[in-house]
Amino acid sequence: SVAPKMEPTIVGFVKAFAKVTQENHSDIDQYIPSNPPVELVSGFGGTLSINNNNSISYKIYDTETPGEYKVDANITWQDQDGVSFTGRYIITVKETSDKKYLVTKFAPYLFIKG
């Protein structure tokens, strides 16, 4: 039920992450908390992009922390030569007191063999 409300944050964050760098991250600031960890602003600096909103598929999961969600996202990136590839990421999203959503963590999905 939170997916329609959270989608603009997820899509906007991913599009902005493709553009930003540590030195220039104004495009992403609206999607992240103030004083963010460096991982949230160390984007791809324009070397990758997404074609459209269909380049992002995801599932949202509740966590044990109220107002916090984990998003399992598959993102199809395109490089400057037009080569596409898909990456899988776990995005942590928190709901603020004024009912907005902020990305607090963006990390590649890690598979650990049991």
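The values are calculated or read from the model by the stated rules, or taken from the named source; none is laboratory data. Computed from a predicted model, the values in this text were never measured in an experiment. All Cβ positions, glycine included, derive from the backbone under ideal geometry; neighbour counts span all protein chains shown. Ligands, DNA and RNA are stripped out before the accessible areas are found, and what is left, the full protein with its side chains, is counted by its heavy atoms. Shrake-Rupley method; radii C 1.70, N 1.55, O 1.52, S 1.80 Å.
Residues are listed down the side, and each one gets a yes or a no for (1) open to solvent by 90 Å² or more (accessible area, probe 1.4 Å); (2) more than 16 Å from Phe13 (Cβ to Cβ); (3) of a type in the set (A, V, I, L, M, F, W, C); (4) free of Cβ contacts under 8 Å to residues at least 24 places away in the same chain:
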{"site": "Asp27", "(1), (2), (3), (4)": "no, no, no, yes"}
{"site": "Ser34", "(1), (2), (3), (4)": "yes, no, no, yes"}
{"site": "Ser49", "(1), (2), (3), (4)": "no, no, no, no"}
{"site": "Glu64", "(1), (2), (3), (4)": "yes, yes, no, yes"}
{"site": "Glu68", "(1), (2), (3), (4)": "no, no, no, no"}
{"site": "Ile75", "(1), (2), (3), (4)": "no, no, yes, no"}
{"site": "Tyr101", "(1), (2), (3), (4)": "no, no, no, no"}
{"site": "Phe106", "(1), (2), (3), (4)": "no, no, yes, no"}
{"site": "Phe111", "(1), (2), (3), (4)": "yes, yes, yes, yes"}
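Check Gly43 against each of (1) touching a Lys or Arg at 6+ places or on another chain (Cβ under 7 Å); (2) open to solvent by 50 Å² or more (accessible area, probe 1.4 Å) and name the one condition it does not meet.
(2)
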